[in-house]
Amino acid sequence: MPANLTMEFGKKYEEYKNATSPALKARLLKELIALAPKHKGTERLLGQLKKSLSRLEDRMEAERKAKKAGGHHGIRKVAPMLVLVGPPNSGKTTLFRALTGKGDPQPYPNSTQQPVTAIAHYKHAKLQMVDTPSFDSSYGHNGDVVIICGPDHSLARQFRKPHIIFADNKNPEVILEEAWHSLKLMRIFTPDGKYPMLAKIGSTVGEVANKIHKNFVNNFEWAKVQRGGRITRIGLDFILEDGDMLYLKSRV
């Protein structure tokens, strides 16, 4: 940092680095701009602060519009959603890359400025991973599972609905397995599907068939399940299990 910066500026800058709320980040940036001395030695610093503030305000406005339009931060949910949250340099992007092959971890804090989504696979099941900016943990409220990175477990108090998992330097595959079990889902395979359907544990043939197409229930002729190498003819009330192969036949 340039010379001649006050202790008050340094303290405020530490607050800014540790802030997690976008609104708080924006307020602290404005205070930093006001506190910074105005001379040639601080021109670059002031330019960086103003640029950061402009980007943050643009992002907050875009998110406000997306939320008003019925979305959530512009993220379209395509599979059960696992959201990574945590402070700067807590390993979110590193974990995201380990599970999805996507993302670009950087050695400096706050490198993720926008949420990034990609698909992870657990035993052929698709799970949507979301890497989030460290200054905004609100993305977790839209997730089915929140994965908290870093030592600060107090972040869990922000989330009531989703399941919470603490990364705690665990093997990425262990974290993914914990997330899968917390979802309480099962995989149902079909002859034509590349990936399994996901259904709640205890779902019946009728409930799964209705997710595929209502005609399978309205015009149901027969169903078969392959389990453990054996194929059995079943009805709509039959309770499926994880890994079942389901065959359906309708009258039309």
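Any read-out appearing in this document is the output of simple, stated calculations on the displayed coordinates, not a laboratory observation. Just so we're clear, the structure is a prediction, and the values are computed from it rather than from any experiment. So basically every Cβ, Gly included, is an ideal-geometry build from the backbone, and we count neighbours across all protein chains shown.
Assorted remarks:
- All Cα-Cα distances of the chain, cut into 10 Å bins from zero to the largest, leave 7, 25, 25, 20, 13, 6, 4, 2, 0 percent in each bin in turn.
- DSSP beta bridge pairing in the chain, given as percent antiparallel to the nearest 5: 65
- Fewest-first sequence of MET81, MET197 by Cβ atoms within 10 Å of each Cβ: MET197, MET81
- In this structure, the amide hydrogen of ILE164, modeled 1.01 Å from its nitrogen in the peptide plane, lies closer than 5 angstrom to those of VAL146, counting only residues at least 5 positions away or on a different chain.
- Cα-derived Rg over Rh, computed across the range 81-183 with Rh taken as Kirkwood radius: 0.91
- Kirkwood-based Rg to Rh ratio, the range 185-250, C-alpha trace: 0.91
- SER54 sits among other residues whose Cβ lies under 12 Å from its own Cβ, and their net charge, with Lys and Arg +1 and Asp and Glu -1, is +2.
- Averaging 1/r across all pairs of distinct Cα atoms in the range 7-68 and inverting the result yields a Kirkwood radius of 12.3 Å.
- As a length-normalised measure over Cα pairs under 8 Å and 6 or more apart, the relative contact order of the chain settles at 13 percent.
- Sorted by Cβ density within 10 Å, fewest first, the residues ARG97, ARG230, ARG27: ARG230, ARG27, ARG97
- Under 16 Å of direct C-alpha separation, and excluding same-chain neighbours fewer than eight residues apart, LYS11 reaches these lysines: LYS25, LYS30.
- Per the Kirkwood formula applied to alpha carbons, the range 98-241 shows a radius of gyration over Rh ratio, Rg over Rh, of 1.07.
- Among GLY86, GLY206, GLY229, the residue with the largest mean-square fluctuation in a Gaussian network model of the chain, with springs joining Cα atoms closer than 10 Å, is GLY229.
- Average projection area in nm² (convex hull over Cα atoms of the range 149-226, one quarter of hull surface): 7.5
- Value at 222 nm in deg cm²/dmol, rounded to 500, when DSSP H runs of n ≥ 4 in the chain each add -39,500 (n - 2.57): -10500 deg cm²/dmol
- Straight-line reach from LYS17: taking Cα to Cα under 13 Å and skipping same-chain neighbours fewer than 8 places apart, the aspartates and glutamates in range are ASP136.
- Filter on LYS161/LYS249; LYS123/LYS161; LYS92/LYS211; LYS51/LYS170; LYS38/LYS92 - keep pairs with C-alpha separation over 29 Å: LYS161/LYS249; LYS92/LYS211; LYS51/LYS170; LYS38/LYS92
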